[in-house]
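*Asks:* Encoded as structure tokens, here's the structure I'll be asking about.
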Amino acid sequence: MHDIKIIRDDPAAFDKGLATRGIAPQSARLLDIDERRRAVITSLQDIQAKRNDASKLIGQAKAKKDEALAQSLMDEVTALKGALQQGEEDERRLTGELDTELAAIPNIPFDETPVGKDEHGNVERHRVGTPRAMNFAPKEHFDLGEGIGQMDFEAAAKMSGSRFVVLKGQLARMERAIASFMLDLHTGTHGYEEVSPPLLVKDAAMFGTAQLPKFADDQFAVYKGASTDEQDKFWLIPTAEVPLTNLVRESILSEEELPKRFTAYTPCFRAEAGSAGRDTRGLIRMHQFPKVELVSVTTPEAAQDEHERMLACAEEVLKKLDLHYRVMTLCTGDMGFSARKTYDIEVWLPGQDAFREISSCSVCGDFQARRMQARYKPTGSKNTRFVHTLNGSALAVGRTMVAILETYQQADGSIAVPDALKPYMGGLDTISNG
């Protein structure tokens, strides 16, 4: 969420930043609301001062037994009280209007973020490895999974509809193995604290990480029992970024506590609104999918270094699995709502003959912290500052399985198990229907 004071100080810079996202100038409209709100606040202060002065004069008039003057002053106080109530109502209305408008505007990209309209404006940063040589035509992951009888979309559709899957046997174990491998790497090597968070959260948590209000249609809402009361409403998390980042909401940390680094393995739930016709087969775009998430909370000065560190942590997973991938710096038109800069990791899928996203690592500045009121106190300072937040997939477990199936497939339709996963698979070398 944006700070109206910063917009007030340099509206041109604010509009310039939004222009890189293809958004029309917003500062004039926001500042108009702000000016009306501030005028009401000034008026309220004047009314309160007059009310206080009149209240003092009432006592003096009564002391002099001037009942006519006392009554006149009391009538004035009554009128001022009514004006005060109206002014307070106007202030609440204008503050709410301003907050609503500010909450709907995306974050301002860094100057270094490539400017572009869509994914075609993304810039390749680097790539690692080469496609694995195959002397046969590679299949896509769903053909492989169904071929060995361990990936069942039909059974899932009978229970839940499209964009769900049932994994069985060795593939079900592989999903668990991938997550365990990632968690062990991030906690043991990279120093992230493992968290098991709630999967159901309230509006405030979703607002804090900016899923609400703008992206409500992309989420799944659930209610207690048969209730439709808003008090009984929860949201299924679209990513563990939501509960992990909200661990610091409405808190004041010491600088010594930073950075905080959290990781979690959770199912994630997305409505995939607007994705009709895209990736209708397979595990790429599901309503429910598992993911290992990384979240960092740090100081403004350390945030961009932390972004590079987070990217390296995510890349390490792919390196250990010996998967070919590239890193893209997203352009302003393809970047998420909360991000100032984003790296996407795209893994090579032989069956699709294409790179597909497997992770996004974003630095958000204080955009989420303002929405959560998450602050820290710098060492030796009496004042507080907003923390800076970062998040990244490390990795999407289902898409990692897709990459493993397609990369490690063999001519007979079986799948070799990557060396890094063998300890988590009981030493199993090959997944097959045997």
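The values are calculated or read from the model by the stated rules, or taken from the named source; none is laboratory data. For clarity, every value in this text was computed on a predicted model and none was experimentally measured. Because the Cβ atoms are built from the backbone with ideal geometry, glycine has one as well, and the counts that use them run over all protein chains shown. Side chains are part of the model used for accessible areas, which takes the heavy atoms of the whole protein and leaves out ligands, DNA and RNA. Shrake-Rupley method; radii C 1.70, N 1.55, O 1.52, S 1.80 Å.
*Asks:* In this structure, is Val297 open to solvent by less than 10 Å² (accessible area, probe 1.4 Å), closer than 22 Å to Gly351 by Cα, touching a Leu at 6+ places or on another chain (Cβ under 7 Å) and touching a residue at least 24 places away in the same chain (Cβ under 8 Å)?
*Replies:* Considered against the rule, which asks whether it is open to solvent by less than 10 Å² (accessible area, probe 1.4 Å), closer than 22 Å to Gly351 by Cα, touching a Leu at 6+ places or on another chain (Cβ under 7 Å) and touching a residue at least 24 places away in the same chain (Cβ under 8 Å), Val297 comes out as no.
*Asks:* Taking interchain pairs and intrachain pairs at least six residues apart, which have beta carbon atoms under 7 angstrom, with the first residue in the stretch 416-434 and of a type in the set (A, V, I, L, M) and the second surrounded by fewer than 12 Cβ atoms within 10 Å (Cβ to Cβ)?
*Replies:* Within 7 Å, the pairs are Ala416/Asp429; Val417/Asp429.
*Asks:* Among the candidates Thr400, Thr430, Thr379, Thr384, single out the residue that is of a type in the set (S, T, N, Q) and open to solvent by less than 10 Å² (accessible area, probe 1.4 Å).
*Replies:* Of the residues listed, the single one that is of a type in the set (S, T, N, Q) and open to solvent by less than 10 Å² (accessible area, probe 1.4 Å) is Thr400.
*Asks:* Only residues in the stretch 114-134 that are open to solvent by 100 Å² or more (accessible area, probe 1.4 Å) count as the first member; pair them with residues that are of a type in the set (A, V, I, L, M), Cβ under 7 angstrom, at least 6 apart or cross-chain, and list the lot.
*Replies:* Close Cβ pairs (under 7 Å, with a partner that is of a type in the set (A, V, I, L, M)) amount to Arg125/Val327; Arg125/Met328.
*Asks:* Specify the residue that is farthest from His307 (Cα to Cα); the eligible residues are those in the stretch 354-366 that are open to solvent by 30 Å² or more (accessible area, probe 1.4 Å) and in contact (Cβ under 8 Å) with a residue 60 or more places away in the chain.
*Replies:* Restricting to residues being open to solvent by 30 Å² or more (accessible area, probe 1.4 Å) and in contact (Cβ under 8 Å) with a residue 60 or more places away in the chain, the top hit is Arg356.
*Asks:* Out of (1) surrounded by 16 or more Cβ atoms within 10 Å (Cβ to Cβ); (2) assigned to a helix (DSSP H, G or I); (3) out of contact with any Cys (no Cβ under 8 Å at 6 or more places or on another chain), the odd one out for Phe234 is which?
*Replies:* In the conditions (1) surrounded by 16 or more Cβ atoms within 10 Å (Cβ to Cβ); (2) assigned to a helix (DSSP H, G or I); (3) out of contact with any Cys (no Cβ under 8 Å at 6 or more places or on another chain), Phe234 misses (2) alone.
*Asks:* Moving on. In a loop (DSSP other than H, G, I, E, B) and either open to solvent by less than 60 Å² (accessible area, probe 1.4 Å) or among the hydrophobic types (A, V, I, L, M, F, W, C) (or both): which single residue out of Leu244, Leu283 fits that description?
*Replies:* Leu283
Condition check ((1) open to solvent by 10 Å² or more (accessible area, probe 1.4 Å); (2) part of a loop (DSSP other than H, G, I, E, B); (3) not acidic (Asp, Glu)) across all residues:
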| residue | (1), (2), (3) |
| --- | --- |
| Glu256 | yes, no, no |
| Phe262 | yes, no, yes |
| Cys268 | no, no, yes |
| Ala271 | yes, yes, yes |
| Asp279 | yes, yes, no |
| Ala302 | yes, no, yes |
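Residue-wise test of (1) open to solvent by less than 40 Å² (accessible area, probe 1.4 Å); (2) in a helix (DSSP H, G or I).
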| site | (1), (2) |
| --- | --- |
| Met1 | yes, no |
| Arg8 | no, yes |
| Gly17 | yes, yes |
| Gly22 | no, no |
| Leu31 | yes, yes |
| Arg38 | no, yes |
| Ser43 | no, yes |
| Asn52 | no, yes |
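*Asks:* Scan the stretch 186-199 residue by residue and report those that are part of a helix (DSSP H, G or I), closer than 12 Å to Val292 by Cα and open to solvent by 10 Å² or more (accessible area, probe 1.4 Å).
*Replies:* Across the stretch 186-199, the qualifying residue is only Thr187.
*Asks:* Would you point out which residue out of Glu306, Glu301 is charged (D, E, K, R) and within 18 Å of the chain's Cα centre (by Cα)?
*Replies:* After applying the criteria, what remains is Glu306.
*Asks:* Can you pull out the residues in the stretch 351-371 that are assigned to a strand (DSSP E or B) and charged (D, E, K, R)?
*Replies:* Arg356, Glu357
*Asks:* Can you find a residue that is outside any loop (DSSP other than H, G, I, E, B), in contact (Cβ under 8 Å) with a residue 40 or more places away in the chain and aromatic (Phe, Trp, Tyr) anywhere in the stretch 327-340?
*Replies:* The answer is no; no qualifying residue exists.
*Asks:* Moving on to the next point. Inspect the stretch 375-387 for any residue being aliphatic (A, V, I, L, M), touching a residue at least 12 places away in the same chain (Cβ under 8 Å) and part of a helix (DSSP H, G or I) and give the result as yes or no.
*Replies:* Within the stretch 375-387 (the criterion being aliphatic (A, V, I, L, M), touching a residue at least 12 places away in the same chain (Cβ under 8 Å) and part of a helix (DSSP H, G or I)), the answer is no, since none of the residues qualifies.
*Asks:* Quick one: which of Ser359, Ser414 is in contact with a strand residue (DSSP E or B) (Cβ under 7 Å, 6 or more places away or on another chain), under 20 Å from Met182 (Cα atoms) and at pLDDT 95 or above?
*Replies:* Ser359
*Asks:* Name the single residue that is most open to solvent (accessible area, probe 1.4 Å) among those in the stretch 404-427 being within 17 Å of Gln150 (Cβ to Cβ) and among the hydrophobic types (A, V, I, L, M, F, W, C).
*Replies:* That would be Ala416.
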